[in-house]
Amino acid sequence: MGISIKILDSPDDLAQFFAEDLVSRIKTISSDKSFSLVLSGGSTPQRIFRKMAATAKESIAWEKVQIFWGDERCVGPAHEDSNYKMARENLLDFIPLPSSNVFRIYGEADPQVEAQRYSNMFSVYVPSYLGIPSASLFMLGLGEDGHTASIFPGDSESLHSDKLFTASVHPLNKQKRITASMKLINNAKTIIILATGESKAAKVAEIYHHLPGWELLPASWVVPVHGELIWLLDRAAASKL
Ligand code: 6PG
């Protein structure tokens with residue numbers, strides 16, 4: 001299904017587009033199937049989650065949706081850095097999603113042990129395709145250094161891991177992370193990389209145009225094996241394309 005770019009005028013327009021697109025995707029799944037939605041972390045999704053809660057609250061059969069995370073900081077669920085906390089405060093607390101459909105990464109656990117537990121759990125709940133779990137929709141952000149999920153530049157272990165989830169470390173603040181591997185990301189049916197703001201424009205252009213050094217950026221390695229990749233950008237993030 002390939003790779004495409006969608007450019008929206010503003011972060012708010014992007015959030016609205018994402019929410020409406022998600023509604024239409026979930027409406028297409030048959031009643032006996034689940035929709036595995038893998039959330040990204042950081043700040044970009046906050047606006048999107050709030051828009052989802054506001055516009056999609058009634059229009060999605062949330063009982064069909066299973067929520068996972070593509071990465072988590074190794075902190076507890078109430079910690080200000082927790083991606084789970086951010087999702088709960090901006091989305092989960094406002095939608096009629098059964099708590100049994102929420103699969104939190106235990107950031108408070110030992111990273112290696114949790115990476116394995118989450119890999120096992122993901123394999124149980126998300127149907128496989130070509131022998132690897134294939135998420136319905138995998139949300140990703142883009143770091144200013146070209147990282148995605150918590151796969152950072154230079155971390156070839158996570159980038160090329162044969163595992164589904166691995167432990168990683170943020171190169172600047174040394175915060176321990178748990179992250180989906182590129183192997184898992186690229187086996188999703190749909191991958192959406194979300195980027196807004198001028199600060200992401202250089203990396204978006206470097207990746208998209210394969211400018212010198214592009215191959216060193218983990219987000220460059222997001223290449224769907226059988227599904228689709230959509231770069232969802234606002235004008236500022238697309239300004240150097
Ligand atoms: C995380 C994210 C990470 C994020 C990018 C972009 O846990 O931080 O998963 O990959 O998506 O760093 O972050 P912003 O949206 O805050 O720019």
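The values are calculated or read from the model by the stated rules, or taken from the named source; none is laboratory data. In this text, all values refer to a predicted model and were calculated from it rather than measured experimentally. Cβ sites come from the backbone with ideal geometry, for glycine too, and all protein chains shown count toward neighbours. Remember, those area values only see protein heavy atoms, side chains included, never the ligands or the DNA or RNA. Shrake-Rupley method; radii C 1.70, N 1.55, O 1.52, S 1.80 Å.
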(request) Mind listing whichever residues of the stretch 142-161 are open to solvent by 10 Å² or more (accessible area, probe 1.4 Å), touching an Asp or Glu at 6+ places or on another chain (Cβ under 9 Å) and near the ligand (Cβ under 10 Å from one of its atoms)? (result) HIS147, ALA149
(request) Just name the residue that is farthest from the chain's Cα centre (by Cα) out of those in the stretch 53-71 that are closer than 20 Å to LEU164 by Cβ and not β-branched (Val, Ile, Thr). (result) GLN66
(message) Just to check your reading of the model, which residue among LYS174, LYS189, LYS200, LYS183 is touching a Pro at 6+ places or on another chain (Cβ under 9 Å) and of a type in the set (Lys, Arg)?
(response) LYS189
(message) Just to check your reading of the model, which residue among PRO45, PRO77 is away from the ligand (no atom under 12 Å from the Cβ) and either open to solvent by 40 Å² or more (accessible area, probe 1.4 Å) or on the phi < 0 side of the Ramachandran plot (or both)?
(response) PRO77
(request) From ASN101, ASN120, ASN83, grab the single residue that is more than 16 Å from the ligand (Cβ to nearest atom) and either surrounded by 15 or more Cβ atoms within 10 Å (Cβ to Cβ) or not polar (S, T, N, Q) (or both). (result) ASN101
(request) For the stretch 152-196, name all the residues that are within 22 Å of GLY2 (Cβ to Cβ), assigned to a strand (DSSP E or B) and touching a residue at least 60 places away in the same chain (Cβ under 8 Å). (result) ALA180, THR190, ILE192, LEU194, ALA195
(request) Kindly check whether there is at least one residue in the stretch 26-38 that is within 16 Å of the ligand (Cβ to nearest atom) and either out of contact with any Cys (no Cβ under 6 Å at 6 or more places or on another chain) or of a type in the set (A, V, I, L, M, F, W, C) (or both). (result) yes
(request) Only residues that are within 11 Å of the ligand (Cβ to nearest atom) and open to solvent by less than 10 Å² (accessible area, probe 1.4 Å): list them for the stretch 186-226, please. (result) ILE193, LEU194, ALA195, PRO218, ALA219
(request) Residue by residue through the stretch 62-92, note down the ones that are out of contact with any Ser or Thr (no Cβ under 9 Å at 6 or more places or on another chain) and touching a residue at least 40 places away in the same chain (Cβ under 8 Å). (result) CYS74, ASP81, ALA87, ASN90, LEU91
(request) Pull up the stretch 123-137, narrow it to residues that are exposed (fewer than 14 other Cβ atoms within 10 Å of the Cβ) and among the hydrophobic types (A, V, I, L, M, F, W, C), then point me to the one that is nearest to the chain's Cα centre (by Cα). (result) VAL124
(request) Could you check how many residues of the stretch 163-194 are among the small types (Gly, Ala, Ser) and over 20 Å from GLN116 (Cβ atoms)? (result) 1
(request) State the number of residues belonging to the stretch 197-241 that are more than 15 Å from the chain's Cα centre (by Cα) and assigned to a strand (DSSP E or B). (result) 1
